[in-house]
Each structure stands twice: as C-alpha cells, then as structure tokens.
Amino acid sequence: MRALVPARRPGDLTEIEEIDAPAPGDHEALIRVTEFSLNRADLLYLRSGTAGFRPGVDAAGVVAAAAADGSGPEPGTRVAFHLPSGGAAAEFVAVPADRLARIPDAVPAATAAAIPLSGLVAAQLLQAAGPLAGTTVLGTGMGGGVGQFVTQLAVAAGARVIAVVEPGQPAEHLAATGAEVIRDLAELPDGSVDLVLESVGGPLGSAAVHKLRTAGLLLWFGQAGGEPLHPDFFEVLGAGQALTLRQFVFGDNPRAGRDLEELFALVADGRLRVEIGHRHDWSHTPRLLEEMAHGRLRGKAVLAVASDRELSEGCSTVTA
C-alpha cells in the first residue's frame, strides 16, 4: 500500500512510498483512509526525526474490516479518529476500535478529519478553565486548528473572547467564530481579562500575563514561538496582581471516540463550524508543512489519500 513517510531527499519533509499493509490486532479495525489533516505534531515529529514516526495523527475513512473481537463499528461505516502515534496518512491503517468515532451523515468526511486533535484539545482546555459564562478570555496563537474550536466553544459557553493575532497573519476566520480580534496586545488594558489561553511563549505570552485581573488564571498549553515565558515577578507584584499559572498538557483518554462523536454532533447541528483552509491531495503535504512552519496556514489543511488524477476521476479511494 502507499503511505506518507519521512523524506530521504533533502528539501522536503515527506514523500509517498510503498510499504507493507497493516495487520490489525483482535481489538483493531482496518480502516481505508480517505482524508487526513495536518497538525503541528506532524511537523514537530518530522523535524525532530522521531524514530518510527509516520505522518497522520488525525484522519477519516471507512471501516474495511471490523475488529476481530466484535467491538466497534461494522464494515462500511464512516469513521474518524485521533491516532497519537501517527501513521494515518496511508491507504490503510489499523486503529483500536474504541478510538473510532462514527461520522454523522450530515458531516463530510473532510470536515471530520479536520476535527480530532484540535477539537479534543480545545474541549479539554476549556474543561480545565472551569465555568466561562460572563468571563473575558484572551487567547494567543488562536489562528490554527485549536484556536477556531476554542473560540467557538468559549463563545457558546457565554464568554467574551479576544484573540490577539500578529500582523500579517489571517484573522477573518477568527472573527467569524465570534471572537474579537486585536493585532497589538497593547490595545488591551492591563488587568482586563479573567483567563489567558497562552500557546505562543516569548514576549507575547509574557506580556499577556499582565492582562489578567487579580486572581486570574493563565493556562499555558504551548510554545509555538520557540521561546519560553519570562514574566517579571516584580512587575506582577508591583501591579498588585495575584494570579495562577497552570501548565496544560493534552492527555489522551480512553473515551476519545465518544468525545469526538459529541463534537461531530455539534457540527451536524450547525453549532460548530470547521474552517478548512486548504483542500488538496496528499502530494501537497511537503508544501503545506512548510507553510505551517512559517505560520501561514489559515484554518486546517485536509489532504485526500489520492492523486489529483484519481480525485478528478472520482476514484473510490476518496469517496465515502
């Protein structure tokens, strides 16, 4: 079968190659993958040369063979899933049955493929934040997949959401989710927000600390800018603030499939929108990873496991 693997040639991160088809265990279903989406995890693992990693932690497809132990969806069922170990950017993949989430008829497979990791992180992050009704939330680094779900879910929970977006980066899709967009953190008065969701680090993340009201909470869930947070203790003390800084790390859990089905239900009901900024076949993966590395991706990138020719001919590998 064909699969996306780390590239051996210089200049690209991935290439398509023939590899052995998977042999599912008793509790694993064999999935014919139709689409997968790109996540920052793919970029980071590929850049670091993590041994054994193949791209694709989020994907959608059709059950080709059900799990031998009788668990999970039956053959022919449309499903999506999050696979932390990667490898879903392939024609077939073996997936534990309890990781599979059934896709409602009203939800396109490409939309479902864009949701898993970003949607699950957003849901867990807001659960960690506590009740949001009537609060003001400041988010950094909200331009990617997680941000679009965080803003929508927080607004739906009754929060006022402010997203700071650096000059030159797209922001229209964030405004469409109900967030207020600012380009310069200086536009926001110090001590004016209840919660900061921080994923950039460096000067921006450090400055966001001062926007918290007394007893505010900063949830630190990433460092996309590559620099650590460095808030000044005495500046915070001089401002009379008392705050909590809590690190958030996404935890894989055994009910991921059920959590995903809840997110899919919101999409089917029109209560959650998915911004797909790039829709191509999987040969475009190296270019899109490069765009991601430079912060130029708007919304999610969803790639079909097929060539442009196969897509134009309506090949069965990309229909569900």
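How large is ³J(HN,Hα), in whole Hz, for each residue of the range 129-143 in order, when computed from phi with the Karplus curve 6.51 cos²θ - 1.76 cosθ + 1.60 and θ = phi - 60°, using x for Gly and Pro?
6, x, x, 10, 4, x, 9, 10, 10, 10, x, 9, x, 8, x
Can you grab the distance from the C-alpha centre of the range 137-179 to the C-alpha centre of the range 45-64, Å, no decimals?
27
If you plug each phi of the range 147-163 into the Karplus form 6.51 cos²θ - 1.76 cosθ + 1.60 with θ = phi - 60°, what whole-Hz ³J(HN,Hα) values come out, in order, with x for Gly and Pro?
My calculation for the range 147-163 gives x, 5, 7, 4, 5, 5, 5, 5, 4, 5, 7, x, 8, 8, 10, 10, 10 Hz in order.
Given 0.36 nm per residue, what is the gain on full extension from residue 9 to residue 106 after removing their alpha carbon distance, in nm? Mind showing how you got there, number by number?
On the way: separation 97, 0.36 × 97 = 34.92 nm, distance 4.11 nm.
Stretched fully, the residue 9-residue 106 segment lengthens by 30.8 nm.
Sort the following peptides by mean Cβ neighbour count (other Cβ atoms within 10 Å, averaged over residues), highest first: 219-225, 104-110, 151-157.
Working: 219-225: 18.9, 104-110: 16.7, 151-157: 20.9.
Sorting 219-225, 104-110, 151-157 by mean packing, highest first, produces 151-157, 219-225, 104-110.
Taking the Cα centre of the chain as the origin and placing charges on Cβ (Lys, Arg +1; Asp, Glu -1), which of 90, 208, 304 is farthest toward the positive end of the dipole?
The listed residue farthest towards the positive side: 208.
Given H placed 1.01 Å from N in the peptide plane, which residues other than close sequence neighbours of residue 243 have an amide H under 5 Å from its amide H?
Amide H neighbours of residue 243, under 5 Å, 5+ apart: 215.
Which of rounded, prolate, oblate describes the range 117-156, given a ≥ b ≥ c as roots of the alpha-carbon gyration tensor eigenvalues and a/c under 1.5 marking rounded, otherwise prolate only if a/b is larger than b/c?
oblate
If amide hydrogens are placed 1.01 Å from N in the peptide plane, which non-local residues have theirs closer than 5 Å to the one on residue 180?
161, 162, 163
Rolling a 1.4 Å sphere over the protein heavy atoms, what is the accessible area per residue of the chain, to the nearest Å²? Let's see the in-between values first.
Numbers: 13780 Å² over 320 residues.
Averaged over the residues of the chain, the accessible area is 43 Å².
Could you work out the percent of alpha carbon pairs in the range 37-170 separated by over 19 Å, rounded to a whole number? Let's see the in-between values first.
Working: 5230 of 8911 pairs.
Of all Cα-Cα distances in the range 37-170, 59 percent exceed 19 Å.
Near the amide H of residue 272, under 5 Å away, which other amide H atoms are found, from residues 5 or more places off or on another chain, if H is placed in the peptide plane?
When sequence neighbours closer than 5 places are left aside, the close amide H contacts are 267.
Tell me the trypsin sites (Lys or Arg not before Pro) within the range 1-109 that lie in a loop according to DSSP and have at most 14 other beta-carbon atoms within 10 Å. Intermediate values should be presented prior to the final figure.
On the way: sites: 2, 8, 32, 40, 47, 78, 99, 102; in loops: 8.
Counting only loop positions with at most 14 other Cβ atoms within 10 Å, the trypsin sites (Lys or Arg not before Pro) in the range 1-109 are 8.
With an 8 Å cut-off on Cα pairs and a minimum separation of 6 or more residues, tell me the relative contact order of the chain in percent.
On the way: 729 pairs, mean separation 58.4, N = 320.
The value is 18 percent.
Only Lys, Arg, Asp and Glu count, each charged at its Cβ (+1, +1, -1, -1), so figure out the dipole size of the chain about its Cα centre, rounded to 20 debye. Can you show the working numbers first?
Working: 25 positive and 38 negative charges, 67 e Å.
Using Cβ point charges on Lys, Arg, Asp and Glu, the chain gives about 320 debye.
Report, in deg cm²/dmol and to the nearest 500, the calculated mean residue ellipticity at 222 nm for the chain, where each DSSP H run with n ≥ 4 adds -39500 (n - 2.57) and the sum is divided by the residue count.
Details: 10 runs with 85 residues, N = 320.
Result for the chain: -7500 deg cm²/dmol, rounded to the nearest 500.
Distance from a point 7 Å along Cα→Cβ of residue 182 to each backbone N in the range 146-167: keep the residues under 14 Å and list them by number.
Of the residues in the range 146-167, 160-167 have backbone N under 14 Å from the label point off residue 182.
Any idea what the dipole of the range 73-219 comes to, in debye rounded to 20, about its Cα centre with Lys/Arg Cβ at +1 and Asp/Glu Cβ at -1?
Details: 7 positive and 12 negative charges, 43 e Å.
That gives a dipole near 200 debye.
List the residues of the range 91-111 whose backbone N lies under 16 Å from a point placed 7 Å from the Cα of residue 279 along the Cα-to-Cβ direction.
106-111
The values are calculated or read from the model by the stated rules, or taken from the named source; none is laboratory data. Everything quoted here is computed from the prediction, not taken from an experiment. Virtual Cβ from ideal backbone geometry, glycine too; neighbours counted across all protein chains shown. The accessibility values were calculated without ligands, DNA or RNA, using every heavy atom of the protein model including side chains. Shrake-Rupley method; radii C 1.70, N 1.55, O 1.52, S 1.80 Å.
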